[in-house]
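A short worksheet on the structure shown next.
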Amino acid sequence: MNAPVIILGGGGHARVILDALLCMRREVLGYVGPELDQTMSSLTPYLGGDEALDRYPKGEVELANGLGSVSAVGRRAEIYDAFKRQGFRFATIIHPSAVIAKEVRLDEGCQVMAGAVLQPGVRCGENVIINTRSGVDHDCMIGAHAHISIGATLSGSVKVGEYTHIGAGSTVIQGIVIGDRCLVAAGAVVIRDVADEVTVAGVPARKLMR
């Protein structure tokens, strides 16, 4: 039986996560964050700051990482790692409208949003976001804490490194390797491998100075 869930954060991505959990018929106890968010609080109870989690036995609840956005990949990973060290588990979230092949492997805390498609052989590390309407084709490998953003397309056998953000509406052609801590800008078309800690943009995608 699934444990009830507490969401970390109260912003836009947290509301998307809340909707996905409710569509999955998961019990959501509320959310925690540094301050009350009026929009989120109209949907689910505000439980208080992180210290509110002390009221819940770690083995009896799961957490959902509600932090998203391109600028938050590192912070999202820090939050995940901090609560894992405390002994919490993170819910793996799959919106009912997503299409997930039988051979897909999703590690703890992965989030697959509405309309996403994951084909056979896909592997996603911990705390990965596969966002709304993104397509991940066969045998892609996505490293921990990566974010495949809205409407992005990964062709077959693409490798995406840890902490990397693949921007909205971008396309990565078959067999490409993208390193750790990279940023692929929205709308880019990646036709060459990308080294670690590189930002690329454009059609075809080219390296930008950070």
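So how tilted is helix 73-85 from the main axis of the chain? Cα-based, degrees 0 to 90, rounded to 10.
50 degrees
Take the alpha carbon atoms of the stretch 4-53, find their center, do the same for the stretch 175-210, and report the distance between the two centers in whole angstrom.
If you average the Cα positions of each part, the centres end up 33 Å apart.
Could you pull out every one of the lysines with an alpha carbon less than 21 Å from that of residue 159, ignoring same-chain neighbours closer than 8 positions?
List returned: 102, 207.
I'd like the carbon and sulfur percentage of the solvent accessible area for the chain, probe radius 1.4 Å, heavy atoms only, ligands and nucleic acids excluded. Working shown, then result.
Values: 4920 of 9710 Å².
Of all accessible area on the chain, carbon and sulfur atoms account for 51 percent.
Given the options 134, 155, 42, which has the most mean-square fluctuation in a GNM of the chain, springs set between C-alpha atoms less than 10 angstrom apart?
Highest fluctuation of the listed residues: 42.
Below 20 Å, Cα to Cα, which lysines can residue 84 reach? Residues fewer than 8 away in the same chain don't count.
The reachable lysines, counting only those whose Cα sits under 20 Å from residue 84, are 58.
Rg over Rh of the stretch 5-86, using C-alpha atoms and the Kirkwood radius, what does it come to?
Numbers: Rg = 11.9 Å, Rh = 12.8 Å.
Computed over Cα atoms, the ratio is 0.93.
Quick check for you: with a 1.4 Å probe and neighbouring chains kept, what is the accessible area per residue of the stretch 76-121, in Å²?
Values: 2070 Å² over 46 residues.
Per-residue accessible area for the stretch 76-121 comes out at 45 Å².
Taking R0 as 30 Å, what FRET efficiency do you get between residue 54 and residue 101 from their Cβ-Cβ distance, rounded to the nearest 0.05? Spell out each step's value before the answer.
Values: r = 40 Å, r/R0 = 1.33.
So the FRET efficiency works out to roughly 0.15.
Ordered by residue, what ³J(HN,Hα) values in Hz, to whole numbers, does the stretch 121-126 give under the Karplus form 6.51 cos²θ - 1.76 cosθ + 1.60, where θ = phi - 60° and Gly and Pro are x?
Listing the rounded values in order: x, 6, 10, 10, x, 4 Hz.
Where both residues lie in the chain, what percent of DSSP beta bridges are antiparallel, nearest 5?
5 percent
Over the stretch 163-205, give the accessible area per residue in Å² for a 1.4 Å probe, as an integer. Write out the running numbers ahead of the final one.
Details: 1800 Å² over 43 residues.
In whole numbers, the stretch 163-205 has 42 Å² accessible per residue.
Using only Cα atoms, find the angle between the long axis of helix 12-23 and the longest principal axis of the chain, and express it within 0 to 90 degrees, rounded to the nearest 10.
Around 70 degrees separate the two axes.
The values are calculated or read from the model by the stated rules, or taken from the named source; none is laboratory data. What you see is a predicted model, and the numbers here were worked out from it, not measured in a lab. Backbone-built Cβ (ideal geometry, glycine too); neighbour counts: all protein chains shown. Each accessible area value is taken on the protein alone, full model and side chains, heavy atoms only, with ligands, DNA and RNA left out. Shrake-Rupley method; radii C 1.70, N 1.55, O 1.52, S 1.80 Å.
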